[in-house]
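The values are calculated or read from the model by the stated rules, or taken from the named source; none is laboratory data. Every value quoted in this text rests on a predicted model; they were computed, and no experiment measured them. A quick note on method: Cβ atoms are made from the backbone with ideal geometry, for glycine too, and the neighbour counts reach across all protein chains shown. When the accessible area is computed, the model is the full protein with side chains, heavy atoms only, and any ligands, DNA or RNA have been set aside. Shrake-Rupley method; radii C 1.70, N 1.55, O 1.52, S 1.80 Å.
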Amino acid sequence: MPLDPDDILEPASPRAGHIAEQALLGALFLQPALIAEVDLEPLHFDNRTHAVLFAAMRAVPLPDPEHHRENVDWVAAVYAEARPQAPGLPHTYPHTLVQACQHPEHAATYAWMIRAGHARRTLRVHAGRLAQTAADTTLPNQVDATVTQANQLGNLLDQLSGRFAPHPGSLPRTPLPPESAPEASEEAVDDERLLLATATGSPQTVQTMRWLAPADFTSALHGSLWRCITGLVHRGAPVDPVTVLWEAEQSGLLTSTATARSLLELLSDTHGEPDHWGEKIVRRALLHRARTVAGRIVAIADDPATTPHQMITGSRRALADLTALRNRWQSSTAPTPPTTPRAPRSPAVTRAGPPPRATAARALR
């Protein structure tokens, strides 16, 4: 595809990567033998014209060093090779590139800078794909597609970590965008209310739902009520709408809008099974987390003050949040193994009910 003639124009405020590309090409025009020592591909260049020139350099046979010092035949051959793909390329541009390089012996360092820039752009593209996939509701298997994109992003980070050595102070200092609140749609709220009601009615199922966390809920109140239910189940206390209401009151959840009567109604309206509604909640949380993680990785990649290794380390830390939720999602969709009933604990006073009868009798003496 022919290039835009304006593509080779000098930017008004060129970035360091653009100048590094010019310096490297200038070094190769001065000392063509360095091409064999440069570990680069045309796709690593940000400027398309520079990529075309580099490809032309590799396509034209290397000149004799002595002959090259006396004439510009090889430079002219490279220009002729590149011209069909860059019809607007001025014949003076190779001279401009030579002037941009004062130290041809630093070609390997310039190449490293170009690879670092390419890594930054590639990471940003992968993060953008993750965000786009997590937001695309038209996909038939949106979660699976999102997980696939996350895996590809993780594989990219593994590849990049082997190319850029660690160094002291590897953690990035990029200010990350705050996590946006999940969309509390009518469907999401209904799913969460049904989960709370069915979990209250079937507390034995809650024991197998450790993959659901309070943070997965779009409503903070619903997440706190889930914590109340799981707390009762964990302590072996009775679970019903009244005991959950007591636990909620003890946790300071009752307000002018979340009244005792409204919570009782919420907890008594059961339809379906808890794990069905829980799976939908985790699914929604995973897609939201994927979009958040993608935004954070884009912010890190867009920060020119981060080194390649800082960029990799920060992106891995961000992706780990999504990996943890993905593992819980996979647990939610895995077949539930049969459970052996636990032996009852010795009687103990709980916050969600009256004391055992023996304890009450002693209290009345």
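How about segment 137-171: which of its residues are of a type outside the set (Lys, Arg), assigned to a loop (DSSP other than H, G, I, E, B) and open to solvent by 40 Å² or more (accessible area, probe 1.4 Å)? Answer for segment 137-171, where residues must be of a type outside the set (Lys, Arg), assigned to a loop (DSSP other than H, G, I, E, B) and open to solvent by 40 Å² or more (accessible area, probe 1.4 Å): Thr137, Thr138, Leu139, Pro140, Asn141, Gly162, Ala165, Pro166, His167, Pro168, Gly169, Leu171. Hey, any hits in segment 107-119 for a residue that's modelled with pLDDT under 95 and more than 22 Å from Ile312 (Cβ to Cβ)? Looking through segment 107-119, none of the residues is modelled with pLDDT under 95 and more than 22 Å from Ile312 (Cβ to Cβ). Report every pair of residues separated by at least 6 positions or lying on different chains whose Cβ atoms are under 7 Å apart, first residue within segment 127-140 and within 26 Å of Met311 (Cβ to Cβ), second acidic (Asp, Glu) and not in a helix (DSSP H, G or I). No pair meets every condition.
Okay, residues lined up against (1) of a type in the set (Val, Ile, Thr); (2) more than 30 Å from Gly154 (Cβ to Cβ); (3) out of contact with any Gly (no Cβ under 6 Å at 6 or more places or on another chain):
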| site | (1), (2), (3) |
| --- | --- |
| His68 | no, yes, yes |
| Leu89 | no, yes, yes |
| Thr92 | yes, yes, yes |
| Met113 | no, no, yes |
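From the list Thr230, Thr257, Thr307, Thr270, exactly one residue is under 20 Å from the mean Cα position of the chain (by Cα) and of a type outside the set (A, V, I, L, M, F, W, C). Which is it? Even if it seems obvious, please write down each step before you answer.
Values: Thr230 fails: under 20 Å from the mean Cα position of the chain (by Cα); Thr257 fails: under 20 Å from the mean Cα position of the chain (by Cα); Thr270 fails: under 20 Å from the mean Cα position of the chain (by Cα).
The match here is Thr307.
Restricted to segment 219-271, the set of helices (runs of 4 or more DSSP H) holding at least 3 residues that are closer than 22 Å to Ala285 by Cβ and in contact (Cβ under 8 Å) with a residue 12 or more places away in the chain comprises 220-235.
Considering every residue within segment 199-213, establish whether at least one is in contact (Cβ under 8 Å) with a residue 12 or more places away in the chain, out of contact with any helix residue (DSSP H, G or I) (no Cβ under 9 Å at 6 or more places or on another chain) and not in a helix (DSSP H, G or I). For segment 199-213, residues in contact (Cβ under 8 Å) with a residue 12 or more places away in the chain, out of contact with any helix residue (DSSP H, G or I) (no Cβ under 9 Å at 6 or more places or on another chain) and not in a helix (DSSP H, G or I): absent. Residues that are of a type in the set (Lys, Arg), without any contact (Cβ under 8 Å) to a residue 60 or more places away in the chain, touching a Leu at 6+ places or on another chain (Cβ under 9 Å) and surrounded by 13 or more Cβ atoms within 10 Å (Cβ to Cβ) occur in segment 83-103; there is at least one. Within segment 283-299, is there a residue that is under 12 Å from the mean Cα position of the chain (by Cα), open to solvent by less than 10 Å² (accessible area, probe 1.4 Å) and hydroxyl-bearing (Ser, Thr, Tyr)? Scanning segment 283-299 turns up no residue that is under 12 Å from the mean Cα position of the chain (by Cα), open to solvent by less than 10 Å² (accessible area, probe 1.4 Å) and hydroxyl-bearing (Ser, Thr, Tyr). Within segment 175-222, the set of residues being buried (at least 18 other Cβ atoms within 10 Å of the Cβ), β-branched (Val, Ile, Thr) and farther than 13 Å from Glu279 by Cβ comprises Thr200, Val206, Thr218.
Output the number of residues of segment 56-80 satisfying the condition of being of a type in the set (Lys, Arg) and either more than 25 Å from Glu41 (Cβ to Cβ) or loosely packed, with under 12 Cβ neighbours inside 10 Å (or both). Let's see the steps before the verdict.
To start, the set of residues in segment 56-80 that are of a type in the set (Lys, Arg) comprises 58, 69.
Going one step further and asking which of them are either more than 25 Å from Glu41 (Cβ to Cβ) or loosely packed, with under 12 Cβ neighbours inside 10 Å (or both), we end up with 69.
Qualifying residue count, segment 56-80: 1.
So, in segment 1-36, how many residues would count as being surrounded by 14 or more Cβ atoms within 10 Å (Cβ to Cβ), modelled with pLDDT under 95 and not in a helix (DSSP H, G or I)? Number satisfying all stated conditions: 1.
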